[in-house]
Amino acid sequence: MVKSRDGVVRGLGPYLLLSVALITAYFHLAPVRTVAQSAAVIGIPVHFFASLPSTALQAMQGHLTTTDQLRNDFEAMRQRNLILQARLHRFEFLENENARLRELLSAIPSQAEQVTLAALIAVNPDPGALAVMINKGSADGIFQGQPVVDSGGLVGQITEPGLFHSKVSLITQEDQAVPTQVARSGLRAVVYGGGPGRPLRVLYLDRNADVRAGDLLVTSGLGGRYPPGYPVARITAVERNLAEAFMTIAAEPASHLGRDREVLLLWLPAKEVAVPDAQLETEDDDD
């Protein structure tokens, strides 16, 4: 072990002596300093290429990430994507709601001076259900017999107004009758409810009347119950039997019958509101 140390010292001895000599010559001899400075300039490219790998590695360390960091970043991006998708669905829902409400409001003819928007609060899931409940009542000025429409057309009328909610009987009830006219020809007809699961009925039309499948029936305004111009039904089938005086006509409702979340309650213009019989009798007595 001692011999090995002595060999190392003897091997480094000449280099140490040469280093001391060069340092001493650098401080005391100008030519030596000139040669050292020239060698330093020449060594700049060598130093640059020698340090290039370490410089490139340091630059890449700013762009390279560990697997755990990549996994965390991916999870954060995935969660953010889910949040953005949920917000997008909400925006699409609001956009559809806005379009539907615009369609509902645009379905109001100019004859209706006043309308009230009401929301459905109870809908029977049975397709044959013939009534729905709304969140408006007599406290909101709702009255019995008030017409109800949606974006498709006539839904029915208020039959049981409560204080804060009311029952709407649909036009599909058998005891409901709506005075209508054919939009194409102006022919007047009365549409009756067909009952659960059955089409609407158009009764007492002569077999030679100008009616065909596909015709749209709209409210005529007769009777003072429903304002004119609202779609009621579209004729789906017309049967003419030579042995009978009247045609057999089936129709389907134009409205969505409770499938919408909102409906409109209508007030007839003052000039079209029917005057009660008692009032007419009083006026006659005054005359």
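If Lys167 meets every condition in (1) within 19 Å of Trp267 (Cβ to Cβ); (2) in a loop (DSSP other than H, G, I, E, B); (3) in contact with an Asp or Glu (Cβ under 9 Å, 6 or more places away or on another chain) apart from one, which number is that one?
(2)
Sort out which residues of the range 215-243 are in a loop (DSSP other than H, G, I, E, B) and of a type in the set (Lys, Arg), and write them in order of number.
If we filter the range 215-243 for residues that are in a loop (DSSP other than H, G, I, E, B), which is where we start, we get 215, 220-230, 240-243.
Passing the criteria: Arg225, Arg240.
Based on this model, can you work out whether Gln114 counts as among the polar types (S, T, N, Q), under 30 Å from Leu266 (Cα atoms) and either in contact with a helix residue (DSSP H, G or I) (Cβ under 6 Å, 6 or more places away or on another chain) or at pLDDT 70 or above (or both)? Please lay out each step first, then the result.
Working: among the polar types (S, T, N, Q): yes; under 30 Å from Leu266 (Cα atoms): yes; either in contact with a helix residue (DSSP H, G or I) (Cβ under 6 Å, 6 or more places away or on another chain) or at pLDDT 70 or above (or both): yes.
Yes; evaluated as a whole, the condition is true for this residue.
Within the group Ile121, Ile108, which residue is under 30 Å from Val218 (Cβ atoms), of a type in the set (A, V, I, L, M) and at pLDDT 85 or above? So that I can check it myself, show each step before the final result.
Values: Ile108 fails: at pLDDT 85 or above.
Unique residue meeting the criteria: Ile121.
Quickly run through the range 130-144 and pick out the residues that are surrounded by 17 or more Cβ atoms within 10 Å (Cβ to Cβ) and either part of a strand (DSSP E or B) or over 31 Å from the mean Cα position of the chain (by Cα) (or both).
Residues satisfying the conditions are Ala131, Val132, Met133, Ile134.
Can you give me the number of residues within the range 204-214 that are surrounded by 18 or more Cβ atoms within 10 Å (Cβ to Cβ) and part of a strand (DSSP E or B)?
0
The values are calculated or read from the model by the stated rules, or taken from the named source; none is laboratory data. Predicted, not measured: the structure shown is a model, and the values here were computed from it. Cβ: placed from backbone, ideal geometry, glycine included. Neighbour counts: every protein chain shown.
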